[in-house]
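Read through the structure below, which is laid out as structure tokens, and then see the notes.
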Amino acid sequence: MEGYLDRLPSFVDQIRKIREIIISNIVLIGQISAPTFYERRRAEALVERLADFQVDECSIDDFGNPIGVIRGASTERQSIFVVAHLDTFSDVEVDQNYEVTDKTISGMGVSDNSAAVGVLASLPEVFNRLGLTFESDIVLVAPNHSLARGNLRGIRRLLQVWPTPIRGAICLESVELGRLNYYSDGMIRGEISCSIASEKQWDRHHVPNAILVINEVINAILGLRLPQKPRTQIVIGKIAGGFNHGRIAYDANIGFEIRSDADQIVKDLYDEMRDIVDGINKAFAVELKLNRISNLNATRLPYNHPLVKCASRILNRLGVEAVSEPSETALSIFLQRNIPAVTLGLTHGDNYHQDGAMIEIEPIYKGISQIPALVMAMDNGVCDE
């Protein structure tokens with residue numbers, strides 16, 4: 001392991017020399033709009049770019065996932081996956097223009113997750129410039145249908161049909177450098193919507209206000225008792241309703257997320273929220289609905305797993321402090337299948353899900369250096385239990 005750590009400074013220097021390739025890939029791919037369920041054009045661009053770098057096999061699978069395979073020297077070694085989700089949170093299907101300066105790249109989706117996809121496209125050239133070859137096959141994947149209602153569908157389906165054993169996986173996120181995720185919480189994400197029938201069906205003095213009904217729902221949710229252990233949280237992250245300052249709101253909704261270390265607690269709380277919705281629905285005689293958007297199971301690697309310790313030592317040698325939090329990435333799907341995996345951040349950024357999203361260029365060289373070092377370690381069995 002020490003040999004790989006000692007090479008990290010040279011990795012950073014060599015990767016900095018292909019700055020233009022990395023930036024070009026981020027901009028080329030990132031400017032192609034890819035809202036969840038509409039990622040096909042970006043997938044095609046990624047496969048074309050991987051082919052330009054003479055990756056051994058490039059294709060888009062039956063589920064729309066773009067895949068590139070760098071064949072290893074051994075036919076007996078299990079594959080190593082490097083993954084960056086393809087879609088962005090944007091609802092805009094129009095291509096975006098990115099702005100590049102000496103220090104930053106700005107544009108919709110660049111920090112989640114277009115920069116990571118651009119880095120994924122650059123990895124064949126990174127490995128080539130560093131003179132690296134591997135015994136294991138290196139599988140580069142940008143799963144589609146990952147975010148929100150996509151519910152990580154692309155990676156779920158890919159792993160269901162992948163024909164050979166998988167040794168481990170590295171999941172890439174654009175930000176933040178130092179991110180080292182090795183566990184995920186149990187989670188259910190959903191929406192509660194309220195719809196009021198036309199005021200013609202009500203006495204005008206007794207029309208319910210959808211916003212006030214939703215407020216009753218919020219108050220009831222806040223009254224739920226949450227255990228301190230296992231660690232549990234209900235986050236109300238979105239709220240919308242109404243259309244005019246002086247008119248009663250006929251529609252309103254909230255978006256929420258239940259998180260816990262324990263799957264059963266997540267399910268129990270979701271059931272309690274269903275009871276709340278049913279009760280308020282009857283009390284106000286409105287159309288109040290609870291819809292589940294996505295879910296994850298709680299799963300983790302031990303903090304002292306060789307893969308986690310290896311990734312932590314790499315960050316330490318790069319002079320970056322490791323920060324570990326629960327992850328909602330493809331990491332959880334690998335761990336559910338007993339495949340060791342970690343999620344790494346590549347650079348620093350700001351305004352993650354907004355029009356002014358931005359990443360810094362200089363830190364990305366350290367961020368990318370993590371990948372070949374960790375792949376080398378995995379290829380040589382350092383991270384095997």
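The table for this structure:
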| read-out | value |
| --- | --- |
| Any hit, region 334-355, residues being more than 18 Å from the chain's Cα centre (by Cα) and not in a loop (DSSP other than H, G, I, E, B) | no |
| Meets criteria (in contact with a Ser or Thr (Cβ under 8 Å, 6 or more places away or on another chain), crowded, with 20+ Cβ neighbours inside 10 Å, among the aliphatic types (A, V, I, L, M) and in contact (Cβ under 8 Å) with a residue 24 or more places away in the chain) for ILE18 | no |
| Selection count where residues are crowded, with 17+ Cβ neighbours inside 10 Å and acidic (Asp, Glu), scope region 62-80 | 0 |
| When residues of region 149-166 are limited to those that are outside any loop (DSSP other than H, G, I, E, B), touching a strand residue (DSSP E or B) at 6+ places or on another chain (Cβ under 8 Å) and open to solvent by less than 40 Å² (accessible area, probe 1.4 Å), the one farthest from LEU46 (Cα to Cα) | ILE166 |
| Qualifying positions in region 117-148 - part of a strand (DSSP E or B) and over 16 Å from ILE29 (Cβ atoms) | ILE138, VAL139 |
| Options SER312, SER260: the member that is polar (S, T, N, Q), at pLDDT 95 or above, touching a strand residue (DSSP E or B) at 6+ places or on another chain (Cβ under 8 Å) and under 30 Å from LEU8 (Cα atoms) | SER312 |
| Close pairs (8 angstrom Cβ cut-off, 6 or more residues apart or separate chains): free of Cβ contacts under 8 Å to residues at least 24 places away in the same chain in region 239-254, of a type in the set (Gly, Ala, Ser) and open to solvent by 70 Å² or more (accessible area, probe 1.4 Å) anywhere | none |
| Within region 167-182, considering residues that are more than 13 Å from the chain's Cα centre (by Cα) and either open to solvent by 10 Å² or more (accessible area, probe 1.4 Å) or free of Cβ contacts under 8 Å to residues at least 24 places away in the same chain (or both), the one farthest from MET378 (Cα to Cα) | LEU177 |
| Filter result (more than 26 Å from the chain's Cα centre (by Cα), not acidic (Asp, Glu) and not in a loop (DSSP other than H, G, I, E, B)) within region 274-316 | ARG274, ILE276, VAL277, GLY279, ILE280, ASN281, LYS282, ALA283, PHE284, LEU288, LYS289 |
| Condition broken by ASN253, with the remaining ones in (1) in contact with a Ser or Thr (Cβ under 8 Å, 6 or more places away or on another chain); (2) assigned to a helix (DSSP H, G or I) satisfied | (2) |
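A quick yes/no check of all residues on (1) under 12 Å from ILE192 (Cα atoms); (2) open to solvent by 60 Å² or more (accessible area, probe 1.4 Å):
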site	(1), (2)
ARG231	no, yes
ILE258	no, no
GLN264	no, yes
TYR270	yes, no
VAL277	yes, no
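The values are calculated or read from the model by the stated rules, or taken from the named source; none is laboratory data. Just so you know, these numbers come straight off a predicted model, no measurement behind them. Cβ atoms come from the backbone with ideal geometry, glycine included; neighbour counts cover every protein chain shown. Side chains are part of the model used for accessible areas, which takes the heavy atoms of the whole protein and leaves out ligands, DNA and RNA. Shrake-Rupley method; radii C 1.70, N 1.55, O 1.52, S 1.80 Å.
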